[in-house]
Structures are given as C-alpha cells and as structure tokens.
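First up is the structure itself, then whatever we jot down about it.
The values are calculated or read from the model by the stated rules, or taken from the named source; none is laboratory data. As the structure is a prediction and not an experimental result, all values here were calculated from the model. Positions of Cβ are backbone-derived with ideal geometry, glycine not excepted, and every protein chain shown enters the neighbour counts.
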Amino acid sequence: MNTTENPWSTLSIREIYENPWIRITEADIINPKGGKGIYGVVHFKNKAIGVVPVDENGYTYLVGQYRYTLNEYSWEIPEGGGPMHEDPIHTAARELKEETGLTAQKYELICRIHTSNSVTDEEGFIFLATGLSRGESQPEETEELQIKKILLAEAVQMVMNNEITDSLSIAGLLKAARILKI
C-alpha cells in the first residue's frame, strides 16, 4: 500500500452548515475500494490548544467546568481555540493566564494531535509550561471554572481511571508525565 497517495476520490463538495466556530461539508466520494458514498467533515475555524502547567514540585493545574456538549462535568488541562493565523504558543500563554491566572517562563510543544480524524480536520497543539508564576485568572463569559492543583502523577491516575476523558487532556498529561519521567 502506498502511504503517500490519497486513495479517495472526491466527486463534489457542498457546504451543509456554518457558524462562527465550525463549518460542515458533505462530499460525494469514491472510497478506496471503488464504492460511491458520502463523507461529512467538521472544519473548525480555530486550532485546539492545550497547556500542561507543571511547577517545580511536580504539581499541575486542572480546570473543571460543565461541558454543554457532553451534559456533564469535565476536568481538563487549560485549553481553548486559537485563531488559524496565530502562533499556537501565543494562544497557549493566553489560555493559561485566562483560565488559571498562571504565567510560564517556558513553553515546550510536546504534542500535535488530530482530535477525531474520522469526522474532523481539527488540529491541536499541546504545550508543557514550566517556570510558573501566579496571578489572577480572567475566564471568558462562557466559562465557570474550578481550578484543581494536584500532582501530575495524580492527574495521570485520573486519566487511567477515566475521570479525565478530554482528548487534549489525556494526550497532554500522558506525554508530559513521560517527558518528565513521572
């Protein structure tokens, strides 16, 4: 199998829906086996950006909020959407400050992720933030946040216990723990 050639053929594409955050298209396609079908794609208008802040004592900061889409409470790393034209590191610094009040001396890109590549082309970037300083958080109007300071090892255990289910958070916490050898 050639891994560099696209085995899909697109016959036509039409826009189904659009709002300020997403655009949904549906394509008439021919699949790799030659069958005709349709394929729907959700195109996000921002990049997904996540930050794993870790202090000098091995503590990280999670953000808890009720997620409308899931109809349940969710513990996550600080994260948000970054404009396509903006350097992801700037979005990471802004989201960390907005959601936790923290600023970092150093940001290291630790992960590039496709959040659900069977239905969306959304691309995410996750940073490890160190050299932390405290300040005042400035959550957005849609965010009613709770901040939890816990050891990174405990956050990883939350992932393993399915208490953290957000894809950016899972990838970021596991990768940060591996990099920091925790």
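Please find, within the range 164-182, the residue that is farthest from Gly64 (Cα to Cα) out of those that are hydrophobic (A, V, I, L, M, F, W, C) and not in a loop (DSSP other than H, G, I, E, B).
The qualifying residue farthest from Gly64 (Cα to Cα) is Ile179.
Only one entry of Gly81, Gly50 meets the criterion of being surrounded by fewer than 21 Cβ atoms within 10 Å (Cβ to Cβ) and part of a strand (DSSP E or B), and that entry is Gly81.
Candidates Glu26, Glu15: the one that is acidic (Asp, Glu) and out of contact with any Ser or Thr (no Cβ under 6 Å at 6 or more places or on another chain) is Glu26.
Summed over the range 98-121, residues that are free of Cβ contacts under 8 Å to residues at least 24 places away in the same chain and of a type in the set (A, V, I, L, M, F, W, C) total 1. Restricting attention to the range 100-110, the residues that are assigned to a strand (DSSP E or B) and under 18 Å from the mean Cα position of the chain (by Cα) add up to 4. Inside the range 1-32, can you point out the residues that are among the charged types (D, E, K, R) and modelled with pLDDT of 95 or more? Listed by number, the residues that qualify are Arg14, Glu15, Glu18, Arg23, Glu26, Asp28. Filtered by the rule that a residue be surrounded by 13 or more Cβ atoms within 10 Å (Cβ to Cβ) and not hydroxyl-bearing (Ser, Thr, Tyr), the range 53-66 gives Pro53, Val54, Asp55, Gly58, Leu62, Val63, Gly64, Gln65. Put simply, of Glu144, Glu99 the only residue that is loosely packed, with under 13 Cβ neighbours inside 10 Å and charged (D, E, K, R) is Glu144.
Just need a number here: residues in the range 111-137 that are under 17 Å from the mean Cα position of the chain (by Cα), assigned to a strand (DSSP E or B) and surrounded by fewer than 18 Cβ atoms within 10 Å (Cβ to Cβ). Of the residues in that region, 4 qualify.
To keep it simple, each residue is scored yes or no on (1) at pLDDT 95 or above; (2) under 20 Å from the mean Cα position of the chain (by Cα).
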position: Pro139; (1), (2): no, yes
position: Met158; (1), (2): yes, yes
position: Asp166; (1), (2): yes, yes
position: Ser169; (1), (2): yes, yes
position: Leu174; (1), (2): yes, yes
position: Arg178; (1), (2): yes, yes
position: Ile182; (1), (2): no, no
